Amino acid sequence: MKTLFLAGTALALSLGAMATQPAAAQAAACAFRGALDEAYCDANRDMVADAPTDPSKLRDPSTIVFTYTPVEDPALYASQFKPFLDYLSQCTGKRAVYFQVTSNAAQVEAMRSGRLHVAGFSTGPTAFAVNLAGAVPFAVKGDAQGYESYKVVMLVRADSPYKTLADLRGKQVAHTSATSNSGNLAPRAFFPALGLKPDEDYKVVYSGGHDRSVMGVNAGDYDAAPVASDVWTRMVARGQVKRENFRVIWESEPFPTSGFAVASDLKPELSQKIRQCFLDYRFPEQMAKDLGGNDRFWPATYAEQWAPVRAVADAVNAPYNRAAFDAESRKELEAEARKRAQAQQPAAPTHVAPTGATPAPAR
């Protein structure tokens, strides 16, 4: 399986291109687009982009390019999804390759630019992918009982004195990244009603990822961290951290996990074939173990499964539009630059210090 790589620094040039793509003709022809960017239309009002009405704009690539959200180390997923990509090649009759990305912004931009055809987007960035890149979510991971969900859990060290959210006033708490649902937006939506305001009652430090937040709490770099429960559970299962070293002092109601989406401009017959291949697939034993016990894909829609995610964004006035995406993407580039600078320092720590964030994975 060939692995393609998109460096985060390449995003700097792409952001300007996204903002300048001509859309006047599309705007004139579109009767309704809702929250979608001007490049897309939503005539049937299902909240995702319609396929182009001009047959010449429909794509039928000879190679299907796939990637999965860099919610943890991106290199993990290239090998974990290899059995599925081998199957997808056989199922569609087309070569399928893995496209390794270092940030959620790079993943969204890759689909918008046409370099990415199918992707598993993290929970929060799924909405950016829908609105800005024409992504059409159709599945989530799950098992025989149903599709996978996760909770936001506030982790502290088990030997810390913190027992409630109120105990974190004046402390340093790691949020993962600005665009993350569970690592930032949901805490900002929920905590004020519980008497704890991020940035006011505690200092927010962006870690750059759920795994980095967990490791930072474990090492004592942060007093606490809100993270996606499924990421923390996988880290425990892999032996990266010990469950008994942590205490959960708060948890949310469930959210949908990563959503799998196709580009809206694929030929309808190819799009439908890809969707059916996903839904028919059963994960081999090792893949299921690597992906938290999930063994299949369940059908899902953006309108239904992502309703609670959109509600969180509305609650904190964080719209999934181009202006917000560009602002957060620039933060990711700055974070990546800080990470590179830190990597050049001697005797770098084995965990990520609070000042050295990586491009922002999110859930």
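Looking at the stretch 188-204, which of its residues are open to solvent by 20 Å² or more (accessible area, probe 1.4 Å), farther than 23 Å from Pro319 by Cβ and of a type in the set (A, V, I, L, M)?
Residues of the stretch 188-204 open to solvent by 20 Å² or more (accessible area, probe 1.4 Å): 188-190, 192-195, 197, 199-201, 203-204.
So of that shortlist, the ones also farther than 23 Å from Pro319 by Cβ come out as 194-195, 201, 203.
The one that is open to solvent by 20 Å² or more (accessible area, probe 1.4 Å), farther than 23 Å from Pro319 by Cβ and of a type in the set (A, V, I, L, M): Leu194.
Of the residues Val205, Val173, Val156, Val214, only one is farther than 24 Å from Trp306 by Cα, free of Cβ contacts under 8 Å to residues at least 60 places away in the same chain and over 18 Å from the mean Cα position of the chain (by Cα); which? Please lay out each step first, then the result.
Details: Val205 fails: free of Cβ contacts under 8 Å to residues at least 60 places away in the same chain; Val156 fails: free of Cβ contacts under 8 Å to residues at least 60 places away in the same chain; Val214 fails: over 18 Å from the mean Cα position of the chain (by Cα).
The match here is Val173.
Conditions first: (1) assigned to a loop (DSSP other than H, G, I, E, B); (2) of a type outside the set (Phe, Trp, Tyr); (3) over 24 Å from Leu168 (Cα atoms). Gly208 passes all but one, so which condition is the exception?
Of the numbered conditions (1) assigned to a loop (DSSP other than H, G, I, E, B); (2) of a type outside the set (Phe, Trp, Tyr); (3) over 24 Å from Leu168 (Cα atoms), the odd one out for Gly208 is (3).
Yes or no, residue by residue, for (1) touching a strand residue (DSSP E or B) at 6+ places or on another chain (Cβ under 7 Å); (2) more than 21 Å from Gly146 (Cα to Cα); (3) surrounded by fewer than 16 Cβ atoms within 10 Å (Cβ to Cβ):
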residue: Ser258; (1), (2), (3): yes, no, no
residue: Val262; (1), (2), (3): yes, yes, no
residue: Gln272; (1), (2), (3): no, yes, yes
residue: Arg275; (1), (2), (3): yes, no, no
residue: Phe278; (1), (2), (3): yes, no, no
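Could you look through the stretch 217-240, keep only residues that are surrounded by 19 or more Cβ atoms within 10 Å (Cβ to Cβ) and not in a helix (DSSP H, G or I), and pick out the one that is nearest to the chain's Cα centre (by Cα)?
First, pick out the residues of the stretch 217-240 that are surrounded by 19 or more Cβ atoms within 10 Å (Cβ to Cβ): 217-218, 221-232, 234-235.
After this cut, where a residue has to be not in a helix (DSSP H, G or I) as well, the list is 221-228.
On the way: Asp221: 24, Tyr222: 23, Asp223: 25, Ala224: 22, Ala225: 18, Pro226: 16, Val227: 13, Ala228: 11 Å.
Taking the candidates together, the pick is Ala228.
For the stretch 20-29, check the following and say yes or no: at least one residue is among the aliphatic types (A, V, I, L, M), modelled with pLDDT of 75 or more and open to solvent by 50 Å² or more (accessible area, probe 1.4 Å).
Kept after step one, since they are among the aliphatic types (A, V, I, L, M), are these residues of the stretch 20-29: 23-25, 27-29.
Applying the additional criterion that residues be modelled with pLDDT of 75 or more yields 29.
Filter again for open to solvent by 50 Å² or more (accessible area, probe 1.4 Å), leaving 29.
Yes, the stretch 20-29 contains a residue that is among the aliphatic types (A, V, I, L, M), modelled with pLDDT of 75 or more and open to solvent by 50 Å² or more (accessible area, probe 1.4 Å).
Among the numbered criteria (1) touching an Asp or Glu at 6+ places or on another chain (Cβ under 9 Å); (2) of a type in the set (Ser, Thr, Tyr); (3) crowded, with 23+ Cβ neighbours inside 10 Å, which single criterion is violated by Ser213?
(1)
Kindly state which helices (runs of 4 or more DSSP H) lie completely within the stretch 249-363 and contain at least 2 residues that are at pLDDT below 95.
Values: elements: 268-280, 285-290, 302-305, 307-315, 322-343.
By residue number, 285-290, 302-305, 307-315, 322-343.
Can you run down the residue pairs with Cβ atoms below 8 Å, 6 or more apart or on separate chains, where the first is in the stretch 281-299 and outside the structural domain of Gly239 (by the TED database) and the partner is part of a loop (DSSP other than H, G, I, E, B) and open to solvent by 50 Å² or more (accessible area, probe 1.4 Å)?
These pairs meet every condition: Asp295/Ala144; Arg296/Ala144.
The values are calculated or read from the model by the stated rules, or taken from the named source; none is laboratory data. Because the structure is a prediction, the values reported are computed rather than measured. Every residue, glycine as well, gets a Cβ built from its backbone with ideal geometry; the counts of neighbours run over all protein chains shown. All accessible areas refer to the heavy atoms of the entire protein, side chains included, with ligands and DNA or RNA removed. Shrake-Rupley method; radii C 1.70, N 1.55, O 1.52, S 1.80 Å.
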